[in-house]
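Notes to accompany the following structure.
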Amino acid sequence: MIMMLDKFLNLEGVVINGYRHLENIGIVFEIESKSKKAICPCCGKVSDKLHQNHRYLVKDLPMSGQEVYLKINRRQFKCDNCQKAFSEKLDFVANKRTYTKRLALNILGQLKEGDILNTSKRNGVTEEEIQRMLEDIAEAIIHQDVSGLKRLGLDEIALVKGQKNYCAVLVDLDLGKPIAILEKRTQEELRKTLIGWGVEVLAQIKEVSIDLWEAYRSLVQELMPSAEVVADRFYVMKQVNEEFRQTEKSRKKSRR
Ligand SMILES: [Zn+2]
């Protein structure tokens, strides 16, 4: 039975030790990594000395209309070299986060259609958790190389409906990579980011896909005079989501 559940849960490298159905809450899977070892983050040595088990709950994608929680055992190992205990890294959930990475991706994708409050209600996560998801992604892409940028996409995410509170997503359309996430979509904020790229980068941009705030348009025309402005509303977020999926995949591969 548990073997079959494994397929439904669809998390690589994980073993299900048990599950419970809790009325009005959902399904809780007790899981841990199949690996008997972990890599010490300090020295890089592999350790198989289990120090202690540490179980905690995170939220995952819903299944058949029911909420799903994972009771994860993030084990602590002891490093022979450093003589210190460390927590293992898990591919599917970031450290100190209350949700799986795939749930975060799914929710961020939904922000295109709804604001944070509605998306948080629909998914049973807090607005703070969604903010955190956005911050994590913004941080992950902070040092993107923009020297080859030719086609730029600008899009927005509504944070609070009706409050004109948005953040902006900048994407390299050729690479399909997010380049920056701006906390605010103000002209000032965007200007700072664009000018930070330097004159040469701005001069080589041939196309800007923009379907948002009119104020962006004039700024683009001012700073990137050789760029053609096109509009494609759904393209940008599609690229962003695809890129996040790719990053996840390559991260998993590089672990093996
Ligand atoms: Zn070590």
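Brief remarks follow.
- Per residue, region 45-121 exposes 52 Å² of accessible surface when a 1.4 Å probe is rolled over the protein heavy atoms with every protein chain present.
- Flagged links, alpha-carbon separation over 30 Å, of LYS89/LYS206; LYS45/LYS96; LYS96/LYS121: LYS89/LYS206
- More than 19 angstrom apart: percent of Cα pairs within region 37-125: 51
- For region 29-40, Karplus couplings with θ = phi - 60° (6.51, -1.76, 1.60), whole Hz, Gly/Pro x: 9, 9, 10, 7, 5, 5, 5, 9, 10, 8, 9, 5
The values are calculated or read from the model by the stated rules, or taken from the named source; none is laboratory data. This one's a predicted model, so the numbers in the text were calculated from it and none came from an experiment. Just the protein is used for accessible areas: all its heavy atoms, side chains included, with ligands, DNA and RNA removed. Shrake-Rupley method; radii C 1.70, N 1.55, O 1.52, S 1.80 Å.
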